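Remarks on the structure that follows.
Each value in this text was obtained by applying a stated rule to the coordinates, not by laboratory testing. From a predicted model like this one, the values you see are computed outputs, not experimental measurements. Cβ sites come from the backbone with ideal geometry, for glycine too, and all protein chains shown count toward neighbours.
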Amino acid sequence: MKRVSLTQHLVEEQRLNNAITAELRLLIEVVARACKTISHSVGKGALGGILGSADTENIQGEVQKKLDVISNEILLEANEWGGHLAAMASEEMETIHPIPNRYPMGEYLLMFDPLDGSSNIDVNVSIGTIFSVLKAPEGMGAPTEQAFLQPGAQQVAAGYAVYGPQTMLVLTTGHGVNCFTLDREMGSWVLTQRDMRIPEQTKEFAINMSNQRHWYPPVQRYIDELLAGKTGPRGKDFNMRWIASMVADVHRILNRGGVFMYPADARDPSKPGKLRLMYEANPMAMIVEQAGGAATDGRQRILDITPTSLHQRVPVFLGSKSEVEQVTGYHVE
Ligand code: AHG
Ligand code: MN
Ligand code: MN
Ligand code: MN
């Protein structure tokens, strides 16, 4: 089999679709390189001193793990000097990180969840990195938080790396979704799945069931119907999976279908769900749509939401089209 590297794939994409600029290609390669470095640290575990808590809190009010902080630094350092970015934003930073004056400024904005699935780091379960790329608004002077507040439909690229039994990179630039596997000996990303498609129908769902008592009626009804199985209104048995790393749950769904939900609930009515729009929901929604699936906040397409703040949270329903439509329908009714 002829091996196609990430670089070759991106160069071909640049030629074929004229979809990506040389700058965007460079940006994606730098992010991919940073993910390789993170993957290396993840693989060392206790031997690399990367497990455990950093004893600091992020803007989300979460206690940071050492690896949250390390991954954030790896991504910042890797992307700072290349000249392709105007600014970066991250789950682990209160506000944006403009490119320091000593480097040239580019036209893209990069957002990331440096380490997704923090609760799984110390138990050797799959974790990942999620990223999203926007174009800085024309004529923007010094970058501001406002520059980032564009609907997800404006993303020019989105992707994630999953650090599991294999390290993989799943990427879209708006022309389908492709998956690359890290060849650890060669240190290169090799194209292993072309044009990933999410099956439209599924018998598998993913939700944190321990929150059931807090759910609002539409989610309550939808899950009740799935659980009723063959003799219920859906007429089939459903299986459940919940890894608690969004990257790993989404990766499963991309490969074999399913529906992923993190709804808003009655625990804290001021919090519309747990997941963050800019660096979790938007990039995953773009990937899922590019693979033929759907992604909503229960009412509207996630990619159509106009963000109001950098760390905004949204309810998330994504995956196989028919199920996302079903549960969205119950909210709209
Ligand atoms: P992060 O580790 O980046 O803060 O994100 C964790 C998210 C997401 O990966 C996962 O789907 C969800 O939190 C799990 O939440 P619960 O622990 O409430 O199930
Ligand atoms: Mn977190
Ligand atoms: Mn996350
Ligand atoms: Mn995170």
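Okay, helix-only estimate at 222 nm for the chain: each DSSP H run of n ≥ 4 adds -39500 (n - 2.57), divide by all residues, round to 500 deg cm²/dmol; what do you get?
Details: 8 runs with 96 residues, N = 333.
Result for the chain, helices only: -9000 deg cm²/dmol.
Would you kindly calculate the translational diffusion coefficient of the range 6-193, applying Stokes-Einstein with the Kirkwood radius from alpha carbon pairs, for 20 °C and a viscosity of 1.002 mPa s, and quote it in µm² s⁻¹ without decimals? The Stokes-Einstein estimate is 126 µm²/s. Here the dipole of the chain is about 900 debye; that uses its Cα centre as origin and unit charges on the Cβ of Lys and Arg (positive) and Asp and Glu (negative). Measuring nothing but how far apart in sequence close Cα pairs (under 8 Å, 6+ apart) lie, relative to its length, the chain scores a relative contact order of 15 percent. Quick check: the distance between the Cα centres of the range 292-329 and the range 176-192, to the nearest angstrom? Centre-to-centre distance over Cα atoms comes out at 29 Å.
Taking the DSSP beta bridges with both ends in the chain, the antiparallel portion is around 85 percent. Length available on full extension from A54 to S270: 0.36 nm per residue minus the Cα-Cα distance, which gives 75.0 nm. How much net charge surrounds D55 when only the other residues with a Cβ under 11 Å from the Cβ of D55 are counted, with Lys and Arg +1 and Asp and Glu -1? Neighbourhood net charge equals +1.
The stretch between V63 and A19, if pulled fully straight at 0.36 nm per residue, gains 11.9 nm over its current Cα-Cα span. Charging the Cβ of each Asp and Glu at -1 and of each Lys and Arg at +1, and nothing else, the dipole of the range 6-193 about its Cα centre rounds to 520 debye.
The separation of the range 1-38 from the range 64-91, counted between C-alpha centres, amounts to 19 Å.
Take every Cα pair under 8 Å whose residues are at least 6 apart in sequence, average their separation, divide by the length of the range 6-193, and the relative contact order is 15 percent.
Close lysine pairs were tallied over the chain: pairs 8 or more places apart or on different chains with Cα atoms under 24 Å apart number 15. Computed from point charges on the beta carbon alone (+1 for Lys and Arg, -1 for Asp and Glu), the dipole magnitude for the range 204-332 about its Cα centre is near 160 Debye.
Taken as Cα centroids, the range 204-234 and the range 100-175 sit 32 Å apart, rounded to the nearest whole angstrom. In this simple spin-label approximation, D304 and N208 carry label points 7 Å from Cα along the Cα→Cβ vector, and these lie 2.9 nm apart. Peptides 49-61, 159-171, 96-108, ordered by how many other C-beta atoms sit within 10 Å of their residues on average, highest first, read 159-171, 96-108, 49-61.
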